[in-house]
Amino acid sequence: MGVSPQMKGKVITVSRHIMEQERMHPEATGEFSALLGDILLAGKIIQREVSKAGLLDAIGKTGQVNIQGEEVMKLDEFANRTLYQALDHTGLLCVMASEEDESILPIPKEYPCGKYVLNFDPLDGSSNIDANVSIGTIFSIHKRLDPGSDGPGTDKDCMQPGHRQVCAGYLVYGSSTMLVYTTGKGVHGFTYDPSVGEFLMSHENIRMPKRGSIYSVNEGNFSLWDAGTRAYIEHLRSEGPPGHPYKSRYIGSLVADFHRTLLYGGIFLYPADRKSPNGKLRLLYECAPLAFICEEAGGMAIDGKRPIMDIEPSKLHQRSALIIGSEDNVKEYLAFTEGKP
Ligand code: FDP
């Protein structure tokens with residue numbers, strides 16, 4: 001990772017960063033920059049609510065159950081509504097899909113439709129809210145399948161494979177709030193400065209270490225995994241690199257576990273198991289966007305066999321196994337599961 005540009009006396013906001021990148025592409029219309037700006041506006045509003053959750057009785061369960069069979073918390077609903085309302089009227093999107101909603105989210109009839117498609121997980125890791133653990137918003141942007149259309153987008157527009165993403169990112173609401181995003185030209189991190197109300201570049205061109213010594217997995221599921229995954233985790237527990245045993249870290253909040261993996265290297269696993277034979281995490285809202293970021297930073301992301309970015313979704317809420325992280329660690333996992341350690 002390079003020296004923070006702020007250290008060099010430059011203050012780079014997200015819009016400046018995109019503008020500088022777009023200058024290299026004279027065909028750019030500036031629409032994309034506006035779209036990211038609107039996502040960030042929603043992110044600022046969500047982080048404000050997250051940060052005062054303990055004060056305002058905003059936490060706690062509503063008692064409803066979402067389509068994934070999980071209890072919905074008030075902040076999930078708030079984040080979901082905030083993102084939709086920040087983006088429904090902009091004329092930039094033709095459709096959205098949220099992890100919290102069973103069907104695609106159409107653009108209201110009174111507003112024009114645009115050329116982009118947004119999939120999002122409004123508040124990932126929400127079972128951690130009560131414990132004040134870092135949570136996040138994940139987003140994934142595609143172009144609509146029919147570039148000539150100005151009508152409403154469809155399920156198919158939302159169900160494109162990861163390799164067609166034009167942008168993916170996440171906001172992590174932790175000890176500070178950060179945006180990490182890629183448009184396929186490196187991965188960049190911006191930290192929110194509440195005193196100026198802007199996200200300022202703090203991590204330029206993030207590269208994931210080629211190998212790391214941290215593994216992250218819910219080991220409570222050990223007995224439910226296949227033999228290869230169990231053998232791999234047993235290897236990490238017992239061996240580790242010479243003189244440097246592996247560390248185990250599992251927050252149980254995907255954005256936070258992934259963010260650490262991106263910065264420090266290592267491996268995060270949510271493998272398929274007997275309880276969730278197709279994996280637990282959602283392909284469109286969690287796995288594909290993080291896979292795009294990971295690969296752009298030099299890492300690898302697979303579902304146990306195939307690259308996540310190659311998977312053709314067949315359902316809006318499709319689940320997938322996810323093995324993601326430093327290239328050497330993911331390759332080593334593959335060697336164990338393919339029986340060639
Ligand atoms: P949560 O249920 O709290 O929303 O996809 C949801 C997710 O959290 C991820 O953020 C997290 O990595 C994972 O589930 C945790 O699952 P386990 O509790 O099964 O370990």
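Some values worked out for this structure:
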| quantity | calculated |
| --- | --- |
| Inter-label distance for SER176 and ASN132, nm, one decimal - labels placed 7 Å from Cα along Cα-to-Cβ | 2.0 nm |
| Cα-based helix-to-principal-axis angle, 327-337 vs the chain, degrees rounded to 10 | 50 degrees |
| nm² value of the averaged projected area, convex hull over the Cα atoms of the chain | 18.1 nm² |
| Nearby lysines by direct alpha-carbon distance to LYS185 (threshold 21 angstrom, same-chain neighbours under 8 apart not counted) | LYS10, LYS115, LYS143, LYS210 |
| Estimated inter-spin distance, LYS109 and LEU224, nm [label 7 Å along Cα→Cβ] | 4.5 nm |
| Set of lysines near LYS280 by C-alpha distance (under 23 Å), chain-local residues within fewer than 8 positions excluded | LYS61, LYS74, LYS156, LYS305, LYS315, LYS331 |
| The chain - mean residue ellipticity at 222 nm from DSSP helices (-39,500 (n - 2.57) per run, n ≥ 4, rounded to 500) | -8000 deg cm²/dmol |
| Degrees separating the helix 74-87 axis from the principal Cα axis of the chain, which is the longest one | 50 degrees |
| Spin-label model distance (nm) - LYS10 vs ASP193, 7 Å beyond Cα toward Cβ | 1.5 nm |
| Highest-MSF residue in the chain out of SER320, SER202, SER276 [GNM, Cα springs under 10 Å] | SER276 |
| Net length gained if the chain between ASP150 and LYS315 were fully extended (0.36 nm per residue, minus Cα distance) | 57.0 nm |
| Between 0 and 90°, nearest 10: helix 254-264 axis offset from the chain longest Cα axis | 70 degrees |
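We did not get these values from a lab; they are worked out from the coordinates using the rules stated. Bear in mind the structure is a predicted one, so any value in this text is a computation, not a measurement. Counting neighbours? That spans all protein chains shown, and the Cβs are built from the backbone with ideal geometry, glycine included.
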